[in-house]
Amino acid sequence: MATKYGGYMGRVAQLDLTNLKVGEYPWTDEDRALYIGGKTMAARILCDLFTGRERPLGEENVIVISTGPLTGTGAPSSSRFNISTLSPQTGFLTSSNCGGTFGYYLKKAGFDALVISGRCPHPTWIEIDGDHIKLHSAQEMWGLKVTPCHDALRSRIREESGFNKKFGTICIGPAGENLVKYAGVASGERAAGRTGVGAVFGSKNIKAITASGHQEITVHSPEKAKKFLKKWFKYLRKHPLTGNQLPRMGTAGLVSSMQMRGMLSTRNYAKGQYEDFDKVNGETLAEEYNIINKGCMTCPIKCARTVRVNGEAVKGPELETLGLLGGGIENNDLQKILDWNHELDELGMDTISTASTLAWAMEANEKHLWNNGLRFGETEQISQLFEDIAHRRGIGNQLAEGSKRLSEHYGGKEFAIHAKGLELAAYEPRRAVGMGLGYAVANRGGCHLNGGYLVIVEGLGLFTDPQTPKAKGDFTMLFQDLMEMIGASGQCVFTSYGFFPGFLITRPNGLITRIANAAIPHIGWALRFINKFPLTLHLQLPVFQQSRFFELATGMSMKFGKYIRCGERGYNLERYVNTRFGVSAKDDALPKRLTDTLQDPNDPTSKVPLEKMKKTYYRARGWDRHGIPTERTLRKLKIIA
């Protein structure tokens, strides 16, 4: 279906695996203007298909793989694509975002998205070559780890085409095949790692998908866009976060800052500081192990590390892996973390959920709830344990279910650190309570990004009071909506770091910075007005280039306020779908360790005042006291007629 907008290919492929049918899913320019692309586009499609009775690993589940209009346009960090489906971890609608090259090549094939339903009778890989979509047997690839699978596909396509064809690939490892609840999908060295999307692929017998083609990705105003991109790239390279901190140490550079502020999850979140943090932090990684920095396509930030594992140069760990496989299980051996990170990538398993499930099991063993032999600080058998989880052998079969289900079976719910079944990231929320709210209310569960990443103003960028609940509900909504739209557009959320003027970062003790930090808890009223009436901001912000480039790329009018409103629509749409599966205020919860137990017995504010912040957040969102979007809110956002 053709489109008048730039940045889009104008077609959505529909694959019925059960009946072996290939068609086109109807998607109009009206849909594009309302739902943009990426996870918001996927949420609309799944909203129209799901009844609330579907099961994550059932044949009736649907996968939507979607790009954004900026994917492939040359915009900074715009190689992203999204996978949305029902999550085996939460049972709710989820999305998992990924870099790599697959999104770019899917658009080169002529498609903005794939809608996949049904189930293949046998292990299968799907080949998309322009207009031609074929299903091939993947029997010989079943059981392969990620890199051997990529290599096998490359050899197969080279053999069939007769030349070294360029294409993008996504695949699962053994964890996805064996339905590990937190299995991911890999695109080269990048991964749609969270919420178990790899298990959904495995349940449908999809081992891999490849995409190639020669379609041109055009923008609405090419000359203006080209000039604007030069300025944008220059801005990001000069910004202290995107031009210094992230390129210099990647996300690993946050370990020391989190340690300093008591935000570094330690010993399964029992503490917020790890005494051996300096052995597993970003500085040590950069000085002793990093070979070179890498980035995704069109990325000026290059936050990825490259390290050596068994003599081979491979992708290094990010903050979450360092924190959770370091202090989280009381391991101070950085080389082991490098090895484990690579092993988990090859098995196709989420490092966050793996590490947190392991930490829960260690504490459960310590408390005599489950005699599993695992102990904090004892790491000799961990590599073998990861293999056992991926292949569901021995206790690995139980660990493959994740911490929520284990705690329901053995007890220990109060220290199973998850929200809605998804294990939390490495940020300890008792010292960043806005981040705690975000974890609890996030549509996909305990995700720091879908939660709004408020920690960036609670000590990891700005230094506002991290333990006050004031204004946190309003800030959380605003940040969630901004990040929702960035994802829908096809960009990495790291580009949003430029939203904060550089001097606020480089001059933490400057007068203006100190005034800003002191004022933030008291501007909830102003944020509430913006959140309620974003369209009044009919302007472009110099520090937020995303909305202006969106106009140049697509030809749509997209002022800053409308940009926020589109993100708000996407966030509420996902929540609306999830209400069909039973989501309500009861699910917007955190374990008692974080809400009832003080991190510091002498500091009464060192816990997450969740219920108080939830009330403010629900009012800001236009949800009722049960956490359900009201009919008025859904109509305002044009989600329902």
For the chain, the charge dipole (Cβ of Lys, Arg +1; Cβ of Asp, Glu -1; about the Cα centre) points to a positive end, and the Cα of Gly72, Gly311, His136 closest to that extreme belongs to Gly72
Let's test this: bin the Cα-Cα distances of the chain at 20 Å from zero up to the farthest pair and state each bin's percent. 20, 59, 21, 0
In whole percent, and with a 1.4 Å probe on the protein chains, what portion of the accessible area of the chain is carbon and sulfur? 52
Pairwise label distance in nanometres, Gln335 with His522, each label 7 Å out on the Cα-Cβ vector: 5.5
Accessible solvent surface per residue of the stretch 294-433, calculated while the other protein chains remain in place, 1.4 angstrom probe, Å²: 33
Can you tell me the relative contact order of the chain? Whole percent, Cα pairs under 8 Å, sequence separation 6 or more. 15
I'd like the projected area of the stretch 530-596, averaged over all directions, using the convex hull of its alpha carbons. Report it in nm² with one decimal. 7.2
Ranked from highest to lowest mean number of other Cβ atoms within 10 Å per residue, what is the order of the peptides 399-407, 385-393? 399-407, 385-393
Could you compute Rg(Cα) / (2.2 N^0.38 Å) for the stretch 361-444, with N its residue count? 1.20
Send over a whole-number figure in Å² for the accessible area per residue of the stretch 447-563, probe 1.4 Å. 36
Which of the lysines could a cross-linker span from Lys279 if the Cα-Cα distance has to be under 27 Å and same-chain partners fewer than 8 positions apart are dropped? Lys271, Lys294, Lys302, Lys315, Lys336
Sequence-distant lysines (8 or more away, or on other chains) whose Cα lies within less than 22 Å of Lys134: Lys21, Lys107, Lys108, Lys165, Lys166, Lys204, Lys207
With a 1.4 Å probe and every protein chain left in place, work out the accessible area per residue of the stretch 1-143 in Å², rounded to a whole number. 32
Give the calculated FRET efficiency between Ser137 and Glu378 to the nearest 0.05, with a Förster radius of 51 Å applied to their Cβ-Cβ distance. 0.75
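The values are calculated or read from the model by the stated rules, or taken from the named source; none is laboratory data. Values in this document were obtained by computation on a predicted structure and should not be read as measured data. Ideal geometry is used to build each Cβ from the backbone, glycine not excepted, and the neighbour counts take in all protein chains shown. Side chains are part of the model used for accessible areas, which takes the heavy atoms of the whole protein and leaves out ligands, DNA and RNA. Shrake-Rupley method; radii C 1.70, N 1.55, O 1.52, S 1.80 Å.
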